[in-house]
1. So which pairs qualify, if the first residue must be in the stretch 426-451 and of a type in the set (K, R), the second must be in a helix (DSSP H, G or I) and crowded, with 20+ Cβ neighbours inside 10 Å, the Cβ gap must be under 8 Å, and the two must be at least 6 apart or on different chains?
2. Name the residue, out of V101, V73, V66, V97, that is out of contact with any Leu (no Cβ under 8 Å at 6 or more places or on another chain) and within 26 Å of A157 (Cβ to Cβ).
3. Name every residue in the stretch 27-79 that is under 30 Å from L283 (Cβ atoms) and part of a loop (DSSP other than H, G, I, E, B), in order of residue number.
4. Taking into account only those residues within the stretch 96-129 that are assigned to a helix (DSSP H, G or I), modelled with pLDDT of 80 or more and aliphatic (A, V, I, L, M), which is farthest from the chain's Cα centre (by Cα)?
5. Between a first residue in the stretch 350-378 that is on the phi > 0 side of the Ramachandran plot and a second residue that is outside any helix (DSSP H, G or I) and surrounded by fewer than 24 Cβ atoms within 10 Å (Cβ to Cβ), which pairs have beta carbons less than 6 Å apart while being 6 or more apart in sequence or on different chains?
6. Given the condition modelled with pLDDT of 80 or more, buried (at least 20 other Cβ atoms within 10 Å of the Cβ) and among the basic types (K, R), answer yes or no: does some residue in the stretch 59-70 qualify?
7. Can A23 be described as surrounded by fewer than 15 Cβ atoms within 10 Å (Cβ to Cβ), at pLDDT below 85, more than 30 Å from T242 (Cβ to Cβ) and not aromatic (F, W, Y)?
8. Within the stretch 162-196, track down each residue that is in contact with a Leu (Cβ under 6 Å, 6 or more places away or on another chain) and polar (S, T, N, Q).
Amino acid sequence: MPVILETAASTGQLIMATLIGFATIVALITKFKLHPFLSLTIGSLVVGAIAKLPLSEILASYSKGVGSTVASVGVLIALGAIIGKLLADSGGADEIVDTLVSQASPATLPWAMALIGAVIGLPMFFEIGLVLLVPVILLVTRRSKLPLMRVAIPALAGLSTMHALVPPHPGPLAAIGLLKADLGITLGLGVLIAIPTVVVAGPLFSRLAARWVPVDAPDLFLNSDENGRCGIVPGRPRFSVTLMTVLLPVVLMMGKALADIFALKGTAVRSILDFLGEPMFALLLTTLLAIFTLGKASGINRDAMNNSVGAALPPIAGILLIVAAGGGFKQILVDTGIAKLLGNGITQSSISPLLMAWLVAVVIRLATGSATVATVTAAGILEPVAASLPSAHAALPVLAIGCGSVFFSHVNDAGFWLIKEYFGISVGQTIKSWSLMETALSVCGVLLVLLVSVIV
């Protein structure tokens, strides 16, 4: 149980502290363009000061939140980044893309691209997956003669849905840690909800997007390999081996979830599956396997392998710091009693906690443009509500928050500008395609979460 620190602040002052803290974070990120890590840190200090905590206790509480968050998700994020880097450098990602695209007709190509986006997005962070997919999207568009949006939107939907709903992505992992949800159950329900969500926001919505934004592929990557290869060596691993490597952590973690449900405690089977399905071990095992199945199979030498592993880590430093600062902000909310106060308010309101979780994430997402900031902040607020739920139900607020965190990407989101520039479209066209796709994904996802909550 969290320790509520001594504070002389009244209920009104605690509410004011929360509102001013949120406003500070939003203003620093949006108006002053300050990095979210610094913005969240300053916002934490503002909340603590207004809540009348001594400075030493504010710093201790913030440090505690940062440390616990890094301890729970930091290693997982690092291992996920290494797997994604090896997948790209070995040419394994190319093998997945080429195999699936070669089997698709023009009618089924949008569905194949959605699958590619989902598979690539499973182990990779959104930005990495996007950079990898864009040349493929443009080259596939030219080869197939389909409108750009018929190819692009399904791939982006698959990528973004994995980012929002499926661990080991930073957002879902952070929310799982903050809300004390079962990772295996969250993974299973996340995949279950992700499939129809990708279908609606991807292949189906792409028909409308192609009509609203009738553009062809721009003249980028004309000098790249005809297959859009991103590997650093000529060879690449087989499709079956690559797919096995990518899906291994998913299989292990889902095995743990099934063991927790069906296997008796204390049995050998339960103990083995629980150990193998621990996220850190599952990802560590996958990383070590990827070194051989992806690296060695493609002919990457030892020096190049070490360079790939090393190059995977610097890009995630910013993500780690944002997630950690979000954990510090959460801890301030918890230790001052603000989180408990907000949680009680949510539970006593007529609005569903799941819908409230989604709405809180939506508001923060629209204000800051960051899905990660929206996820960790909303999870911190919802922590008291989730504490009273069983693990299966605690997974649902995680997924509701994930859906809200990707709502309507617009001009304060880096992804918005990446899409605009890569595809050579206007701001209005980006809104009518990418932004509305994100909105469809978010709304469809939360509706499915609410449906699952009735069944579970």
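1. K432/A209
2. One residue alone meets the criteria, V97.
3. Within the stretch 27-79, H35 is the sole residue that qualifies.
4. L109
5. If the second residue must be outside any helix (DSSP H, G or I) and surrounded by fewer than 24 Cβ atoms within 10 Å (Cβ to Cβ), the pairs left are G369/N412; G369/D413.
6. no
7. No: the conditions fail for A23.
8. Scanning the stretch 162-196 gives no hits.
The values are calculated or read from the model by the stated rules, or taken from the named source; none is laboratory data. Fair warning: this is a prediction, and the values are worked out from it, not measured in the lab. Don't worry about glycine lacking a Cβ; one is built from the backbone with ideal geometry, like all the others, and counts go over all protein chains shown.
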